[in-house]
Amino acid sequence: MHGILVPGGFGERGSAGKIEAARFARVKDVPYFGICFGMQMACVEAACNTAGIKNASSTEFGPTKEPIVGMMTEWVKGNDTEKRFRRRSGRHDAAGRLSRAADAR
């Protein structure tokens, strides 16, 4: 093989296989291209096996003590995780708040 392509996905289903593919590629020095969730799992694998963060995980799976990857709706502010969600109607800024321009209409 010339390389490993690991596509996206959602949730924990298949995550162990994606992590194992990333580990295999790293150990065997095989080119690895992770798309979306595939790259998340490569980051988790590297954190666990090269940085020594044994409980590394993604917040996509739920709350975790060692979040290596966070959802786009989450930011760490101090010691707290702040969550913001984008509304579907009207115009919203990057933080998910309804913009004043939309309010003025």
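List of remarks:
- Proximity of backbone amide H atoms, modeled 1.01 Å from N, is registered between ILE4 and TYR32, PHE33 at under 5 Å, excluding neighbours fewer than 5 places apart on the same chain.
- Simple spin-label estimate for VAL30 and MET72 in nanometres, 7 Å along Cα-Cβ: 3.0
- Net charge of Cβ neighbours under 15 Å - reference GLY11; Lys, Arg +1; Asp, Glu -1: 0
- Virtual spin-label span in nm between ASP80 and ASN55, 7 Å along Cα→Cβ: 2.2
- In order along the stretch 30-43, phi translates into HN-Hα couplings of 9, x, 10, 10, x, 9, 6, 4, x, 6, 4, 5, 5, 5 Hz, rounded to whole numbers, per the Karplus curve 6.51 cos²θ - 1.76 cosθ + 1.60 with θ = phi - 60° and x for Gly and Pro.
- Neighbours of ALA21, meaning other residues whose beta-carbon lies under 12 angstrom from its beta-carbon, give a summed charge of +2 when Lys and Arg score +1 and Asp and Glu score -1.
- Loop GluC sites (Glu not before Pro), the stretch 1-53 (other Cβ atoms within 10 Å of the site Cβ: 14 or fewer; DSSP): GLU12
- Calculated FRET value between LYS65 and GLU12, using beta carbons and R₀ = 22 Å, to 0.05: 0.85
- Packing-based ranking of 55-62, 22-29 yields 55-62, 22-29, ordered from highest to lowest mean Cβ neighbour count within 10 Å.
Values quoted throughout were computed directly from the atomic coordinates according to the rules given, and no laboratory measurement underlies them. What you see is a predicted model; the values in this text were computed from it and never measured. When we count neighbours, we look across all protein chains shown, and the Cβ atoms used for this are built from the backbone with ideal geometry, even at glycine.
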